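Below is one structure, written out as C-alpha cells, with a few remarks after it.
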Amino acid sequence: MASQDNRLDNFIVKLFEIEAIKFGTFKLKSGIESPVYFDLRVIVSFPDVMNQVSALMWETIEKTGCKFKSICGVPYTALPIATCICVQNNFPMLIRRKEAKDYGTRRMIEGRYEDGDVCLIVEDVVTSGSSVRETAESLQNEKIKVTDAIVLLDREQGGKVALERKGIKLYSVITLSQVLSTLERLNRLDSDTVNRTNRFIQDNRFDGPVDASKAGNGSTVPKVMSHKERGVKCSHPLVRSLYSIMAQKETNLCVSVDCSSSQELLQMADKVGPHVCLVKTHIDMLEDFTTDITDQLQRLADKHNFLIFEDRKFGDIGKTVCTQYQGGMYKISSWAHITNAHPVPGPGIVSALAEVGKPLGRGCLMVAEMSSAGNLATGEYTKAAVKMAEGNKDFVIGYISQSRLSTDPDFVHMTPGVKIQMGGDSLGQRYVSPQTAVTERGADVIIVGRGITGASDPLGAAKEYKQAGYSAYLNTLNH
Ligand code: 5BU
C-alpha cells in the first residue's frame with residue numbers, strides 16, 4: 001500500500017515538474033479565471049510519463065472489474081494514452097473522429113465493431129464530463145454501448161455525477177484534491193494556493209447551484225438566467241420578445257426552412273410553427289418569390305407566435321448592405337425581425353444595417369463562428385465579431401456561434417449545424433446533437449434544417465428536436 005502511495009506521489013510530482021499541472025491565474029474557455037490548469041498534452045513528450053499513465057490507468061480499470069470489448073480515447077489528448085493502454089495490454093481500440101471526412105465512408109468511429117459491443121472511454125481530465133459524453137454519443141450513434149469511463153485526473157467539479165446521470169460510471173486514477181494534498185505535503189505548494197484552489201473547485205462545480213456566486217479567486221461565475229427572466233430583464237425589446245416566446249412555448253428551436261418553392265416554405269412554417277421560437281429563411285432560395293409570400297409568412301408568425309430570421313449574412317460595405325437590407329426585391333427589413341451579418345467588412349456594416357433596422361425595432365446577429373469544416377471564422381476574427389456586437393448593443397442582439405462567446409445575458413447565442421444523427425454532409429456541414437449544442441456549446445437557440453425539413457415526418461421531428469433542445473436547456477438551469 002505504502003509503495004503504491006509512493007508511486008502516486010512520485011507520479012503527481014512528475015506531472016507538476018513537467019508542467020502538466022500548473023498553478024497561477026488561467027483564463028478558461030468559459031471566461032472564468034482558474035487558479036489551476038492542466039495541460040496533459042505535454043506528456044507525449046515524456047515517454048516515461050506516458051508509460052506510467054498507461055500502467056496506472058490499466059491497473060485502475062482492472063480493479064473495477066468492468067467488462068468491455070474495446071477502448072476509445074477522447075480526441076485528442078487521450079488518443080495517445082488509449083493507444084499506449086491498448087498496445088501494452090493487447091486490447092482492441094476504436095478511434096473517434098471529431099470531424100466527419102468529406103469523402104469515403106464518412107464514419108465517425110474507426111476500427112472494427114459490432115452492434116451492442118461495449119466500449120470503455122479513456123480521458124485525460126474530466127471537469128463537467130462533457131467531452132466524455134460527446135464521445136459516448138458518437139459511439140452510441142454507431143450502436144456501441146458505453147457503461148464505463150476512466151480518467152487520469154478528475155477535477156471533482158461534478159463530471160462524475162453528470163456522467164452517472166447518463167448511465168456512465170467514471171473511475172479516476174487521481175483527483176484534484178489528491179494532487180493538492182500531495183503537493184502540499186511534499187512542500188511543492190503553499191497552503192494559500194491549496195486553499196484558493198480548493199475554494200475554486202467548490203464554487204465552480206457543474207452539479208452545484210448555478211445561481212450567481214463568487215469564484216474563489218474573486219471572479220464572478222455567470223448566473224444562468226431562465227428564459228422567463230431574460231424575457232423581462234434583457235435590454236433589447238426584441239430579445240425580450242424572443243425569450244418570452246421561448247418561455248411561453250417551452251422551445252429553443254429555430255427551424256431553417258430552406259426551400260425553393262414558396263408553397264413548401266409556407267406549409268413547413270405552418271406545420272412546425274407551434275413548436276418553434278423562430279423560423280429561419282433563405283429568401284433568395286425561392287424560385288417563385290412574390291411579396292405576398294413574406295406577407296403570408298408574417299401572418300403565420302402571428303398565428304403561431306414565432307419570430308422570423310432571414311439568414312442573409314450581409315457582408316459588404318455599409319452603403320451596399322443598406323440598400324440590400326431595405327430595398328431590392330426582398331425588402332428584408334420590412335418583414336424579418338432578425339437578420340445577420342459577417343464582421344468581415346468592419347464595424348461599418350453594423351452601423352449601416354442599424355440605420356435601417358433600428359427604427360423598425362429589428363435585430364442583427366454577428367456571424368462569429370460557423371459550423372462548416374475549415375471555415376475561417378475563428379480566433380481573432382471571432383473576437384473581433386464579439387467586440388463589434390458589444391459596441392452596438394442597441395441593434396446587435398447576439399451571435400451565430402458554435403460556442404458561448406459572451407457571459408452577457410443580453411446576447412443570444414444561436415447555433416446551426418444541429419442534427420440528432422451527428423456527422424456531416426458531403427459539402428462540409430458538420431453537426432452536433434441538440435444536447436451538445438445547448439449544454440456544451442452554450443446555445444440559447446438551436447437551428448435545425450434538414451434534421452426536420454428532410455425527415456419523413458417533419459412535424460414529429462420538430463417535436464423531437466423541441467423536446468431534446470428544451471430538456472437540455474432545463475438541464476443547464478438545474479445543474
Ligand atoms: P441544416 O440543414 O441543418 O444543415 O441547415 C443549417 C442552416 O443553417 C442552413 O440554412 C445554413 O445556411 C445555416 N448555417 C449553417 O448551417 N452554418 C453556419 O455556420 C451558418 C448558417 Br452562419
State all residues of region 121-166 that are small (Gly, Ala, Ser) and over 17 Å from the mean Cα position of the chain (by Cα); if no residue qualifies, say none. Ala149, Gly158
Within region 276-297, residues within 16 Å of the ligand (Cβ to nearest atom) and over 17 Å from Trp335 (Cα atoms) come out as Val276
Close pairs from region 439-467: first hydroxyl-bearing (Ser, Thr, Tyr), partner part of a strand (DSSP E or B) and away from the ligand (no atom under 11 Å from the Cβ), Cβ under 7 Å, at least 6 apart: Tyr465/Leu253
When you look at Ile308, is it part of a strand (DSSP E or B) and not polar (S, T, N, Q), yes or no? yes
Residue list for region 403-443, restricted to those being closer than 21 Å to Val232 by Cβ, open to solvent by less than 20 Å² (accessible area, probe 1.4 Å) and not hydrophobic (A, V, I, L, M, F, W, C): Ser406, His413
Hey, could you check region 30-77 for residues that are among the hydroxyl-bearing types (Ser, Thr, Tyr) and part of a strand (DSSP E or B) and say which is surrounded by the fewest Cβ atoms within 10 Å (Cβ to Cβ)? Tyr37
Here is a list: Ser262, Ser256. Which entry is of a type in the set (Gly, Ala, Ser), open to solvent by less than 30 Å² (accessible area, probe 1.4 Å) and within 16 Å of the ligand (Cβ to nearest atom)? Ser256
Got at least one residue in region 384-395 being open to solvent by 10 Å² or more (accessible area, probe 1.4 Å), aromatic (Phe, Trp, Tyr) and either under 16 Å from the mean Cα position of the chain (by Cα) or farther than 28 Å from Asn141 by Cβ (or both)? no
Find all pairs meeting these conditions: Cβ atoms under 6 angstrom apart; at least six residues apart or on different chains; first residue within region 383-403 and touching a residue at least 24 places away in the same chain (Cβ under 8 Å); second residue assigned to a loop (DSSP other than H, G, I, E, B) and of a type in the set (Lys, Arg). Gln402/Arg441; Ser403/Arg441
Restricting the first residue to region 350-368 and requiring it to be open to solvent by 40 Å² or more (accessible area, probe 1.4 Å), which pairs with a second residue that is outside any helix (DSSP H, G or I) meet a Cβ separation below 7 Å and a spacing of at least six or different chains? Lys358/Asp394; Lys358/Phe395
Restricted to region 331-344 and to residues being on the phi < 0 side of the Ramachandran plot and away from the ligand (no atom under 16 Å from the Cβ), the residue most open to solvent (accessible area, probe 1.4 Å) is Ser334
What are the residue pairs meeting all of these: first residue in region 46-71, first residue farther than 21 Å from Ile95 by Cβ, second residue basic (Lys, Arg), Cβ atoms under 7 Å, and 6 or more apart or on different chains? Val49/Lys14
Looking at region 311-324 only, could you name the residues that are in a helix (DSSP H, G or I), open to solvent by 60 Å² or more (accessible area, probe 1.4 Å) and in contact (Cβ under 8 Å) with a residue 12 or more places away in the chain? Lys319, Gln324
Given the structure, is Pro80 surrounded by fewer than 22 Cβ atoms within 10 Å (Cβ to Cβ), at pLDDT below 95 and touching a helix residue (DSSP H, G or I) at 6+ places or on another chain (Cβ under 8 Å)? no
Considering each residue of region 320-351, count those that are farther than 20 Å from Ser241 by Cβ, out of contact with any Ser or Thr (no Cβ under 8 Å at 6 or more places or on another chain) and of a type outside the set (S, T, N, Q), and give that number. 15
Spans of strands (runs of 3 or more DSSP E) in region 376-479 with at least 2 residues modelled with pLDDT of 95 or more and under 24 Å from Arg107 (Cα atoms): 445-448
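The values are calculated or read from the model by the stated rules, or taken from the named source; none is laboratory data. Owing to the predicted nature of the structure, the values given are computational and were not obtained by experimental measurement. Note that each Cβ is placed from the backbone with ideal geometry, even for glycine, and that neighbours are counted across all protein chains shown. Heads up: the accessible areas ignore ligands, DNA and RNA and are worked out on the full protein's heavy atoms, side chains in. Shrake-Rupley method; radii C 1.70, N 1.55, O 1.52, S 1.80 Å.
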